[in-house]
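One structure is given here, and the rest of the page talks about it.
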Amino acid sequence: MVKGKIKLLKEALESSKSIQTLDYPGGDPQIDYSKPRFGSGAKYSHICEGLRGVPQYSEEDCCGCAACESVCTANTIKTEDVNGKRIFTIDLGRCVFCGRCEEECPEDAIKLTSRFELAYTGPDSQNLEKVKFERDLILCERCGNPVAPVKQYEIYSEKVVKNLGEKWREQSKEDIEKAGKLCRECRRRNAYTLNLHTRKYY
Amino acid sequence: MGLKQKARLYSPWVFHAHCSGCNGCGIEIAAALNPRYDPERIGVTLHNNPRHADIMLVEGIVAKQHVPFLKRTYDQMPTPKAVVAIGSCAITGGVFKPDDDKGPSYTQGGPVDRIIPVDVYVPGCPPKPEAIIDGVIKAAIILSKRE
Amino acid sequence: MAVYLPIWQIIIICFALPAVGFFLGVLFQSLIRKLTARFQGRRGPWYIVPKSLRPVVGSTRILQPFWDIMKLMYKQTLIPSTAQRKIFISAPFAASTSLIIAIWFIPIIGISPFGPFEFSLIITLYLMLIVPLTIVASGAASSSPWGAIGSYREVILTLAYEIPFILGIFSTAMLTGILTPVYGGVPLIPGSLSLTDIVNFQASHSISFFGFKIPAFFILLNPFAAAAILMSLIGKLKIKPMDIPDAEVEVIAGAYTEYTGKLLGVYEIAKILLLFISLTLFIDMYLGGALVTVNYLGVPSFIWSGIVFGVEIVILILIISVVNAANARFRIDQAFTWYMKIPLILSLIGLVWPYIMVSLAGAGVSIGINIV
Amino acid sequence: MTDSEAATSKVEKFSIVDEIKLFLKEMLKDNYIEEKEIQDKKYVIRTTPEYVKPIADYMIRRDGRLVHLTVSDEGVHGFEVQYHYGFDHLETNTHFIIKVRLPRENPEVPSIAPITWQASWAEREMMDLLGVTFTDHPDPRHLFLPYEWPEEAESEKIDGFSLYTKRDKSAYYIRKDLGKWVPLALSPADAKLTLLPIGPYHPMFIESEYFRVRVEGDEIVDVDMKTGFNHRGVMRLAEQRHYARIPFLVERVCGICSTTHATAYCNTVEAMLDIEIPDRAKYIRTIILELERLHSHLIWLGVAGDLIGFKTLFMWALRDREHVLDLFEKLTGNRVHHDIVYLGGVRKDISEAHIPEIIRRLDFIEDSVKKYIDIAFDHPVVKARTMDIGKLTLSTAKDAGAVGPTARASDWKIDVRSSNPYAAYSPEYTTWDVITDSGCDVWSRVVVRLKEALVSCDIIRQSVERMKSTSAEIRVKPHLPEEGAEAANKTEAPRGELYYYIKSNGTNIPHTVRIRTPSYRNDAVLPFMLRGQTLSDAPIIIGSIDPCFSCTDRMIRIEDVKTNQVRLERIGDLARKYRRA
């Protein structure tokens, strides 16, 4: 009984000596909070490298492949193909910050930053809630359906050519020029007649 | 700044309304009360009675069964009052919104701002306690300007 | 026998004292919150705000309870339609008015317009008892089930702490009459019920306590009663183990559940005044009323009195804060049994203790205390 | 263990599965169709609806637990009612799934709620969500859905989910206009008692829940609960999403025990695919899971302290819990929803650089838990508030199916980590003991949880130490499950046994996902703890089971309470009473 009381009072005394409270809205972001002392003046608590904060989209790097859309947990990222453009709508109000888009993006165009103070007033204030940008699409030469974003086409046609052996390089360049700008349906229809079925290369 | 504004800014009492969330935001609100963040130093105290509160913190998707309760609780708060929607679920429905985007799921009563007016939105799943305190201070500033 | 002040001074003091009491009460409340927060490992409301924060939260937060009350005063007041309107509205005013009147009877460092009045102690006790009664009335009038339970708990708790409280107070009041003739000297007053007399008695007598000559604090002459009173005050002020009537987790806010805005603000004022009155009463009864009559070092005596008052208050608040921080809440039946066990027995011992001291002194047995 | 002992235990182990199978074969005769052993010692048996009751009767008498009762919608084949009986507290992994097919029109099956209390809520849940009628159910009110949920005509419109309800509008159920709250049905005899609404917003819980407590003076006579305030339709949403997206959805079932949900889901899918995850992933999962248990028990300690008015303990517990959260943030990137467990392993490795910090913080947390044990165990007011209240005897706990620390505080040695090992809990990875206490009251739940926190520290230490010698591989690539594959799996959440059942239909979207959370069971035993206690004790008693209404929200109501004489009834007695009625 007495031992517990003494421990309790001792702990109370120790707690009153080592206050860990942050000066949150004020304070210095650089000071390390983990060294407790009176009026430490630190602003933030533990903010580590891997903190999953608000995602940042780099429009230059994005190739428009929409891999992020297909893995997004909460349907934050949406794409729509309208008039030869692929429109990306990113509604951060829905985001759960799981980081799957970062994991799956082939061009590292999405990075989760460590920014987390996202409070905003009014439904549309700041650009936080909705990010919108668009990519140009290649339209099928025959039927006019969208094939792929221009940038994705450029990057991956280069990569395909580079990764193939010497033997097939010239041939594949030719084939890509011939059939690259056809949509999936039209390409399938023409595959054998053009003699460029993919099985040939592997 | 007059006495009225000052008094409102200095003493925002908050009320936590859990509206069918996953508890994550609720735990972070509880964590925001802990000694590391200690909002009492800026006058914020948690009151579990809507009649005593100035700011309501709402989390969750608000299930259909919950809608009348949220409305009633909001009406019970004396004016001036402010509402902070915490977490993706409260803002849009978040991960519990169906894929097809035809609307909310069969149990969702809609995001909070469809039911009561919301002043501050705090995105995050869940937001860190610092972000919640940030939101509460923003709400207190709004509150102090109210008539 | 007592000296009455001129009428105009009394009127001024009557207006000024409640204001001073309220201001000091705010400081005490703030200090309790601050100390409790420190024991819990956080900073609490009273601290020096960093510069970048000042536009948002001000420079210090010493007057936090005051801002809370001001905020409530600027809020809308809702009255439930099912409540009994008249009782519901008048109860908080009754509480704070009775406490404002009670301040007139309690000497603060010896200053009090009605303190020399013959039965000022009894009047103070009655006025303080009005507060729990108004809480019971308002809880019952608010037509909320939580209010009803809060009232019910308030009644039981009041019953529990009031018995040792009254016994302790009277056993102490008797000291003024009993002790003097035995230890030599002439009795000043034969057992006075006037607070000023009690304060003056302690100031004008001194005791030699194992050789040291110190003022005749009643806490040394009757420690049992003092302990019983302190325990009762914990119930009166609803400090931690005894905050049963407005336990947030169990009964939301008890009798205050339906109160909003200004009415709640008036109740908050009453709470702060009650804190001030209880602590001052304890100091008047047991710690010599912080009254210093000699001008030490050329400094006027009332400044010394103020300093002594401050020190005593801080010690009391420290005790209260430790009790508040280090305890869980009792159940109402446990609280009642506890009051019937420890404080009641202590106050009963306190009741017979003066007689034991007198008879010991009569038999020539020294217990280390001598009134000079 | 001597040879003879080993031999007898072997015989016993052999006998449980065999005995049950033999009995079922004899009883069902031609209707016994053994489908397959879906996993080690988990059997699926198909039969016809008329045998449901005798089987339940036998299984409960044989000391089995009804782990879950669920229904899956099989399209043109009708509805499939599944009774999951667990015997893993007697023998590792043993599990029977009895399946019954019902026609699509007028699906009716006899209710087994009169036989075992454990089925009561599950049957009501399925009546709510799939419209299967369980005849002779003692209390067929809505469980998840609001009482004023639209009847057949309206409800068919709601996006494809067969939500029609066929109820007679008897005394149980009062239909009022939509949008208006209809309180629970009360008999005129109860009118003289004081009724107290608790919730949906109440300082007692963080989550919202609606209790209606009937009190006489300060004594609780009866408790009635309405749940469904947190119903988010997670199982329905999971049946619309790709396998790879579900881990993040089920993590958000609960904010306190998020990883254990993801682990249970991933374990189940991995069992379905029959893949083994790398050892390193197992250890990482164990570390995160145990850290989670640690932070859950710490927050429980704080909340329990708050419930008895010990605000200081609340502050201290939450302050020290921050260190666990800091670790989470460093290891996974988020404080609450870790999103680290994934199909086939984990998403993120714990590097060597993190290990010193883990050990440092763990030392600190272990010290503070020990400090709280000293403080709480010696505090007179804490003892006065927790001892001898909220009694739950071993037999009641077994009958009602309590799980987790609540069951272990009633001296029932039941722990999924030892009876059904997953991640790195089996003896070849880590060694540890199951904590039990024989007090059966709130106090022993405090003791069990605090001691378990120390065990968690120990498990994390072992995992961190042994993780160093494993290979760097943390994830294997999963493939799609084949059609008709099914699996059931359990994990031990901080609150108790968490149960997942998944069935595949060959596509990339699961056909059925069923979740049974621990609070589902522990809430069921609440009225047995509450009745006869005082109102002041209600918060700590409700708090003592560590309720997580977000995980699951369910309801209970006890009929036939004599208002003037209150006694705690055993579940068996209640069941008998129902049978007579």
* Spans of helices (runs of 4 or more DSSP H) in the stretch C:1-114 with at least 1 residues open to solvent by 40 Å² or more (accessible area, probe 1.4 Å) and of a type in the set (D, E, K, R) -> C:7-39, C:54-57, C:85-105
* With the condition kept exactly as written, say whether any residue in the stretch A:67-88 is within 26 Å of residue D:250 (Cα to Cα), more than 10 Å from chain B (Cβ to nearest Cβ) and among the basic types (Lys, Arg). => no
* Subset of the stretch C:172-212 (residues that are modelled with pLDDT of 70 or more and in contact with a Pro (Cβ under 7 Å, 6 or more places away or on another chain)) -> C:174, C:175, C:194, C:195, C:196, C:199, C:202, C:203, C:206
* To do: Please go through the stretch B:110-130 and pick out each residue that is of a type in the set (A, V, I, L, M) and buried (at least 24 other Cβ atoms within 10 Å of the Cβ).
  => B:112, B:120, B:122
* Structure fact -> A careful count of residues in the stretch D:244-288 that are part of a helix (DSSP H, G or I) and either of a type in the set (Asp, Glu) or open to solvent by 10 Å² or more (accessible area, probe 1.4 Å) (or both) gives 12
* Asked: If you check residue D:383 against the conditions, is it of a type outside the set (A, V, I, L, M), outside the structural domain of residue D:89 (by TED's automatic domain parsing) and part of a helix (DSSP H, G or I)?
  -> yes
* Can residue C:129 be described as surrounded by fewer than 21 Cβ atoms within 10 Å (Cβ to Cβ) and modelled with pLDDT of 85 or more? -> yes
* How many residues does the stretch C:31-47 contain that are touching an Asp or Glu at 6+ places or on another chain (Cβ under 7 Å) and closer than 17 Å to residue D:310 by Cβ? -> 2
* Structure fact -> Sole miss for residue D:229 among (1) assigned to a helix (DSSP H, G or I); (2) surrounded by 24 or more Cβ atoms within 10 Å (Cβ to Cβ) is condition (1)
* Subset of the stretch D:344-376 (residues that are in a loop (DSSP other than H, G, I, E, B) and open to solvent by 10 Å² or more (accessible area, probe 1.4 Å)) -> D:347, D:348, D:349, D:351
* To do: Any chance you could count how many residues in the stretch D:453-490 are in contact with a Phe, Trp or Tyr (Cβ under 6 Å, 6 or more places away or on another chain), under 30 Å from residue D:86 (Cβ atoms) and touching a residue at least 60 places away in the same chain (Cβ under 8 Å)?
  => 5
* Structure fact -> The residue from D:224, D:306, D:279 that alone is of a type in the set (D, E, K, R) and in the same structural domain as residue D:544 (by TED's automatic domain parsing) is D:224
* To do: Return yes when residue D:411 is assigned to a loop (DSSP other than H, G, I, E, B) and touching a Cys at 6+ places or on another chain (Cβ under 9 Å) and no when it is not.
  => yes
* Across the stretch D:223-264, which residue is farthest from the other protein chains (Cβ to nearest Cβ) among those that are among the hydroxyl-bearing types (Ser, Thr, Tyr) and within 25 Å of residue D:297 (Cα to Cα)? -> D:263
* Asked: When you go through A:32, A:61, A:23 one by one, which is the residue that is acidic (Asp, Glu), modelled with pLDDT of 80 or more, out of contact with any Gly (no Cβ under 8 Å at 6 or more places or on another chain) and over 28 Å from residue D:246 (Cβ atoms)?
  -> A:61
* **Residues satisfying the stated conditions in the stretch B:121-141, i.e. facing another protein chain (nearest Cβ under 7 Å), within 22 Å of residue B:35 (Cβ to Cβ) and in a helix (DSSP H, G or I)** => B:130, B:131, B:133, B:134, B:135, B:137
* Asked: Does residue A:95 count as facing another protein chain (nearest Cβ under 7 Å), surrounded by 17 or more Cβ atoms within 10 Å (Cβ to Cβ) and either small (Gly, Ala, Ser) or in a loop (DSSP other than H, G, I, E, B) (or both)?
  -> yes
* Structure fact -> Selection from the stretch D:405-443 of residues of a type in the set (A, V, I, L, M, F, W, C) and farther than 17 Å from residue D:290 by Cα yields D:407, D:409, D:412, D:414, D:440, D:442, D:443
* To do: Filter the stretch D:61-83 for residues that are outside any strand (DSSP E or B) and crowded, with 22+ Cβ neighbours inside 10 Å and give the result.
  => D:64
* Structure fact -> Of the candidates C:270, C:361, C:328, the one satisfying the condition of being modelled with pLDDT under 90 and in a helix (DSSP H, G or I) is C:361
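The values are calculated or read from the model by the stated rules, or taken from the named source; none is laboratory data. Here the structure is a predicted model, which means the values were calculated and not measured. Methodologically, a virtual Cβ is constructed for each residue, glycine included, from the backbone with ideal geometry; neighbour enumeration extends over all protein chains shown. Side chains are part of the model used for accessible areas, which takes the heavy atoms of the whole protein and leaves out ligands, DNA and RNA. Shrake-Rupley method; radii C 1.70, N 1.55, O 1.52, S 1.80 Å.
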